[in-house]
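The values are calculated or read from the model by the stated rules, or taken from the named source; none is laboratory data. What you see is a predicted model, and the numbers here were worked out from it, not measured in a lab. For neighbour counting, all protein chains shown are included, and Cβ atoms are generated from backbone atoms with ideal geometry for every residue, glycine included. Remember, those area values only see protein heavy atoms, side chains included, never the ligands or the DNA or RNA. Shrake-Rupley method; radii C 1.70, N 1.55, O 1.52, S 1.80 Å.
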Amino acid sequence: MNRFAQLLDSLAYEPSRNNKLRLLADYFRVTPDPERGFALAAMTGALSFAHAKASLIRALIAERTDPVLFAMSYDYVGDLSETVALLWPAPQTERRNIAAPSLSDVVHGLQQADKKELPQLLASWLDDLDETGRWALLKLITGALRIGVSQRLAKTAVAALGGKEPNEIEEVWHGLVPPYLDLFAWVEGREDRPKALDPAPFRTPMLAHALDEADFDKLDPADFSAEWKWDGIRVQACVGTDEEGRRVARLYSRTGEDLSKSFPDLMEMLCEPHFGDATIDGELLVLIERQVQSFSTLQQRLNRKSVSPKLVMQYPAHIRAYDLLAEDGEDLRELSFVDRRARLESFITRLGHPRLDLSPDVPFDSWEALAQARHDPASVGAQDETEAIEGIMLKRRDSIYVPGRPKGLWFKWKRDPFNVDAVLMYAQRGHGRRSSFYSDFTFGVWKGAELVPVGKAYFGFTDAELKELDKYIRNHTRNRFGPVRELDFSTEQGLVLEIAFEGLARSTRHKSGLAMRFPRISRIRWDKPARDADLISTLEGLLEQGLRRSPPKGLGD
Amino acid sequence: MALSDLLTLTPAGLYCAAADVYLDPVRSVPRALITHGHSDHARAGHGAVLATRETLAIMGLRYGAKFCEQQQALAYGESITLNGIEVSFHPAGHVLGSAQIRLRGPSGSVVVSGDYKRAFDPTCAPFELVRCDAFVTEATFGLPVFRHPDAAGEVAKLLRSCAVFPERAHLVGAYSLGKAQRVMKLLRLAGWDRPIWIHGALEKITQFYQDEGIDLGDIRKVSATDRAKLAGEIILCPPGQLADLWSRKFPDPVTAFASGWMRVRARARQRGVELPLVISDHVDWDDLCATIRETGASEIWVTHGAEEAIVHWCETQGLDARPLNILGYGDEDAETVAEDAA
């Protein structure tokens, strides 16, 4: 456990991706099996322990500390595992001679212990470990390492052990189980590539670069196809047949997480015999009466531990497909976009399933026409789905499917956000990295002579602006409620923030009756008096008009 | 006795009306008692200042000889009577010259701690426990997550990193008064006999420590041309310099920061620190609670820091406690800026 704890500790402090990679690769090189395999599993989220929950850790520390002091400490540190690791009292009895547990000990112990034994087991490990060890152990069992290492980075480090490409690891990954003895043996050249090839592997998706409008001068409209950028989540639906003829279906997120359990309605479609073997790249949306619902509706289906039939009925899931990566065992990624698109269209037509449709082509003959389509999707056939459209995707017609984010092939061109001038009302200290700053801002607009809060923003500002905001807040506090400060605001004084947001919805949870989608601070209006901030009627009017945007700006201005 | 008989809180800071003196005032006042030389406690521009000889000298170094109209020094253990109030200074163990101030009147005694610590520090007089009826304490690290480890172990971490990365310069951020000199001395005690390099902002105070008889060995100021040649060396600088352009000329620098805040990961990451060294010149939670108990005081005022937690703890111990929320204390960044300007 100690070596693993030191690795996590150094990774947590290491800002550079390359140095992280070096630390990981060094660790995998010098750490024996099965220890390193369990470490890899921990960092890729492949370990889960049924009974080890945050509530158990809270219960253990509650027996040992004053609840008020715990709450204040947690609020300050911002991380449960670290708070408990720091607060954990030195053991009563002398335990110096007892060796700290290894990572394998911990993994086996957690898998074998039943619910009743676990508190005692965990407490004894916490007694035997030092602060860093305790922190790593608690991070491990709560499944939230947050050390700035993605699955991808960990796999890249493993690949680097034997000069392999990360995508090679990706393609065998889903057939493997911790502690990955066969994977390490293959990467180090001691054995053949693992046999247990996944019939429904995750394929690293191709991503787009944000479009800089200045790029238009260099791009020819004839080289590109356009589609809507949907406000859902990117998924990959994979169906394959294994060596024994069994069909395997999986739904992956864009990072390769298996979402199958959360979407039984989609899995039913994928498992139908005439679906065939195929890998579809598309957007997961909720459709009610064939109409795409807003992202906040889709959220009802995300991050659910259990999925009730009622939920599935109420919020039916749907895939809007935009690419076909494999069909009947054939890898289509080397084909051009146009050819893949043709294969996708015929696949969807042949299947004719109500839960799967094609993301339509957006016709355009000039960049001006495309700008108009982006501004007003309804004018080019998006009708009532305008609210679910985030912008435009541009894909080079001759581009092959390249995993990762290659340059110059795909672009995303988001719609302009809405803007409102609001007054800063409350500020709260941030968590974690920002725990010494007031960085969570509640802002409001005028309703008569009164300000009503309409949203909360955590970002959109630079580090330098955060410092200025923090200073302003400390100097203009009217009241303090625990971690929250109420600011001095009135028609005469107050700080105006220009808030950018992507959408508005009615909400019973907020006093103003409105909820913003993705609000962030776009500008700090040091110059603008508070009385000139916007009125609630402006936002309500926007909602009533169906969120129409102001006229488009000309290209390139 | 009631503490408010002797002291009241005013916008300028703590004030003893009977003796007509302010303690560590944050604004200019006619008569001030100063606990120690850190800029959030010792400001320029007062009328008369009473402090230890070392603290007066440090203020003179920082603000120029005319930092106030009239100076008077009081040694540890000596006392002076102001209008019937007996004033005495006692070692606080925080930095060179730092003192706790005891005020004794007819109704009882109060000790104003200033900043203090009880951990080992070879560069200043060790903390002396002064029993009193009322205790005014700091609570910079007044949360039970702050338990400072042995400073020697942290210095060992730094030396280990120097051994592992001999091709990199090790930049250690440390406050220029007290922390920097303590780290130098701890390095010497750990056997580091190479020259220790310092940023110019540390020069005056470090020279003062040496002149006061604290042997810090071979200390050299870094010049612009040296920087690129300091692979494998230890360089001390004010914390603000770690993120400054200045630090980039060193060969692949490892950034370390010696501070009690480094106990919390988020704090270290916030500053982009790669090698956090938990070395503090303040009491940690355990020492803070122990000191409050050992003074025997029944009334506790908390000047700054995590007041709420320690006030809560005092209440669980049956002690009468009150947070003062004095603005302007413990503002390290402000101090850093002041030092960088110096």
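Per residue of B:304-315, how many C-beta atoms from partner chains lie within 10 Å of its own C-beta, taken as a mean? Each step should come with its number before you reach the end.
Numbers: counts 0, 0, 4, 0, 4, 7, 2, 0, 5, 3, 0, 1.
That average works out to 2.
Just flag the trypsin sites (Lys or Arg not before Pro) in region A:355-438 sitting in loop per DSSP whose Cβ has no more than 10 other Cβ atoms within 10 Å. Let's see the in-between values first.
Values: sites: A:355, A:374, A:395, A:396, A:397, A:407, A:412, A:414, A:415, A:429, A:433, A:434; in loops: A:355, A:397, A:407, A:415.
Listed in order of number, the matching sites are A:407.
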Could you tell me what percent of the DSSP beta bridges with both partners in region A:281-389 are antiparallel, to the nearest 5?
-> 75 percent
Once you list every other residue whose beta carbon is under 14 Å from the beta carbon of residue A:50, what net charge do they have if Lys and Arg are +1 and Asp and Glu are -1?
-> +2
If amide H atoms are modeled at 1.01 Å from N in the peptide plane, then the residues at a separation of 5 or more from residue A:317, or on another chain, having amide H under 5 Å from its own are none
Step through the residues of region B:65-71 one at a time and calculate ³J(HN,Hα) from phi using the Karplus curve (6.51 cos²θ - 1.76 cosθ + 1.60, θ = phi - 60°), rounding each to whole Hz and writing x for Gly and Pro.
-> 4, 9, 6, 7, 7, 9, 10
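Would you please name the trypsin sites (Lys or Arg not before Pro) within region A:34-108 that are DSSP coil residues with at most 10 other C-beta atoms within 10 Å of their C-beta?
Details: sites: A:36, A:53, A:58, A:64, A:95, A:96; in loops: A:53, A:64, A:95, A:96.
For trypsin sites (Lys or Arg not before Pro) across region A:34-108 that sit outside H, G, I, E and B with at most 10 neighbouring Cβ atoms in 10 Å, the list reads A:96.
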Are there chymotrypsin sites (Phe, Trp or Tyr not before Pro) in region A:293-382 that DSSP marks as loop and that have at most 13 other Cβ atoms within 10 Å, and which are they?
-> none
Chain B: projected area of the alpha-carbon convex hull, averaged over directions, in nm² = 15.9 nm²
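Compute the signed sum of charges (Lys and Arg +1, Asp and Glu -1) over the other residues within less than 15 Å, Cβ to Cβ, of residue B:290.
On the way: positive: B:117, B:118, B:131, B:147, B:293; negative: B:128, B:138, B:284, B:286, B:287, B:294.
Summing Lys and Arg as +1 and Asp and Glu as -1 gives -1.
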Report the extension gain between residue A:545 and residue A:378 in nm, rounded to one decimal, defined as 0.36 nm multiplied by the number of residues separating them, less their alpha carbon distance.
-> 58.7 nm
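Could you work out how much longer the chain between residue A:48 and residue A:116 gets when fully extended? Use 0.36 nm per residue separation minus the Cα distance between them, nm to one decimal. All intermediate terms of the calculation are to be shown ahead of the outcome.
Working: separation 68, 0.36 × 68 = 24.48 nm, distance 1.77 nm.
Taking 0.36 nm per residue and subtracting the Cα distance, the gain is 22.7 nm.
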Extent of region A:313-459 along each principal axis, from alpha carbon coordinates, in Å, largest to smallest?
-> 62, 41, 39
Mean ellipticity per residue at 222 nm, deg cm²/dmol - from DSSP H runs of n ≥ 4 across chain A, formula -39500 (n - 2.57) = -9500 deg cm²/dmol
For an R0 of 35 angstrom, estimate the FRET efficiency from the Cβ-Cβ distance between residue A:330 and residue A:369 and round to the nearest 0.05.
-> 0.45
Please list B:314, A:271 in order of solvent-accessible area, largest first, computed with a 1.4 Å probe with all protein chains present.
-> A:271, B:314
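If you add up the charges near residue A:354, with Lys and Arg at +1 and Asp and Glu at -1, over every other residue whose beta carbon is less than 14 angstrom from its beta carbon, what do you get?
Values: positive: A:290, A:320, A:355; negative: A:265, A:268, A:272, A:289, A:357.
Charge balance in the 14 Å sphere: -2.
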Take every Cα-Cα pair in region A:418-544 and report what % of them are more than 23 Å apart.
-> 25 percent
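Scanning chain B for helices, which whole DSSP H stretches are 18 Å or more long along the axis (Cα) and average -1.0 or more by Kyte-Doolittle? Kindly include the intermediate steps, with their values, before the conclusion.
Values: long enough: B:151-164 (20 Å, 0.90).
Qualifying helices: B:151-164.
Take each of the peptides B:151-158, B:68-75, average the number of other beta-carbon atoms within 10 Å over its residues, and list them starting from the highest.
On the way: B:151-158: 17.4, B:68-75: 15.2.
Taking the mean over residues of other Cβ atoms within 10 Å, the ranking is B:151-158, B:68-75.
Measure up A:467/B:66; A:305/A:414; A:20/B:179; A:467/A:528; A:115/A:305 against 25 Å on the Cα-Cα distance and list the ones that go over.
Working: A:467/B:66 34 Å; A:305/A:414 32 Å; A:20/B:179 31 Å; A:467/A:528 20 Å; A:115/A:305 20 Å.
Correct reply: A:467/B:66; A:305/A:414; A:20/B:179.
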Across the Cα atoms of region B:151-277, what radius of gyration and what greatest pairwise Cα-Cα distance (Dmax) are found, in Å?
-> 13.3, 38
Whole-Hz Karplus couplings 3J(HN,Hα) for region A:446-459, θ = phi - 60° and coefficients 6.51, -1.76, 1.60, Gly and Pro as x, run 7, 10, x, 8, 10, 9, 10, x, 10, x, 9, 10, 10, 8
Residue A:455 long-range amide H proximity, modeled H, under 5 Å | A:443
With label points set 7 Å from each Cα along the Cα-to-Cβ direction at residue B:316 and residue A:416, the distance between them in nm comes to 5.7 nm
Solvent exposure ordering (accessible area, 1.4 Å, most first) of A:72, A:425, A:393 = A:72, A:393, A:425
log10 I(q)/I(0) for chain A, Debye formula on C-alpha points only (no solvent), q = 0.06, 0.08 Å⁻¹, two decimals, reads -0.38, -0.69
Accessible area per residue of region B:55-103 at 1.4 Å probe, in Å²?
-> 40 Å²
When only alpha-carbon atoms count, how far does region B:13-77 stretch along each of its three principal axes, as whole angstroms with the largest first?
-> 31, 27, 20
Phi-derived 3J(HN,Hα) across region B:106-118 with the Karplus relation (6.51, -1.76, 1.60, θ = phi - 60°), rounded Hz, x for Gly and Pro, is x, 8, x, 10, 10, 10, 9, 6, x, 8, 8, 8, 10
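Share of region A:204-300's accessible area from carbon and sulfur, percent, 1.4 Å? Walk me through the numbers before you get to the answer.
Values: 1960 of 4340 Å².
Of all accessible area on region A:204-300, carbon and sulfur atoms account for 45 percent.
For region A:418-544, with all protein chains present and a 1.4 Å probe, just round the carbon and sulfur fraction of the accessible area to a whole percent.
The C+S portion of the solvent-accessible surface of region A:418-544 is 48 percent.
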Rounded to the nearest whole Å², what accessible area per residue is found for region A:108-152 with the 1.4 Å probe?
-> 47 Å²
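Let's see if you can work this out: charge +1 on each Lys and Arg Cβ, -1 on each Asp and Glu Cβ, no other charges. What is the dipole magnitude of region A:157-196 about its Cα centre, in debye to the nearest 20? Show your work: numbers first, answer last.
Values: 4 positive and 8 negative charges, 19 e Å.
Value, rounded to 20: 80 debye.
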Out of the DSSP beta bridges found with both residues in the protein assembly as shown, what percent are antiparallel (nearest 5)?
-> 70 percent
How many square angstrom of accessible surface are buried between A and B, both sides summed, with a 1.4 Å probe and rounding to 100?
-> 2300 Å²
Tell me the label-point distance for the pair residue A:19, residue A:258, using the 7 Å Cα-to-Cβ offset, in nm and rounded to one decimal.
-> 3.6 nm
Computed FRET value (nearest 0.05) for residue A:447 with residue B:244, which takes r as the C-beta separation and R₀ as 45 Å = 0.45
In µm²/s, what is D for region A:2-142 at 20 °C and 1.002 mPa s, where D = kT/(6 pi eta Rh) by Stokes-Einstein and Rh is the Kirkwood radius from Cα pairs?
-> 134 µm²/s
Whose amide H sits under 5 Å from the amide H of residue A:233, counting only residues 5 or more places off or on another chain, with H placed in the peptide plane?
-> A:284
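Write down Rg/Rh for region A:209-414, rounded to two decimals, with Rg from the C-alpha atoms and Rh from the Kirkwood relation over Cα pairs.
Numbers: Rg = 17.3 Å, Rh = 17.9 Å.
With Rg and the Kirkwood Rh in hand, the quotient comes to 0.97.
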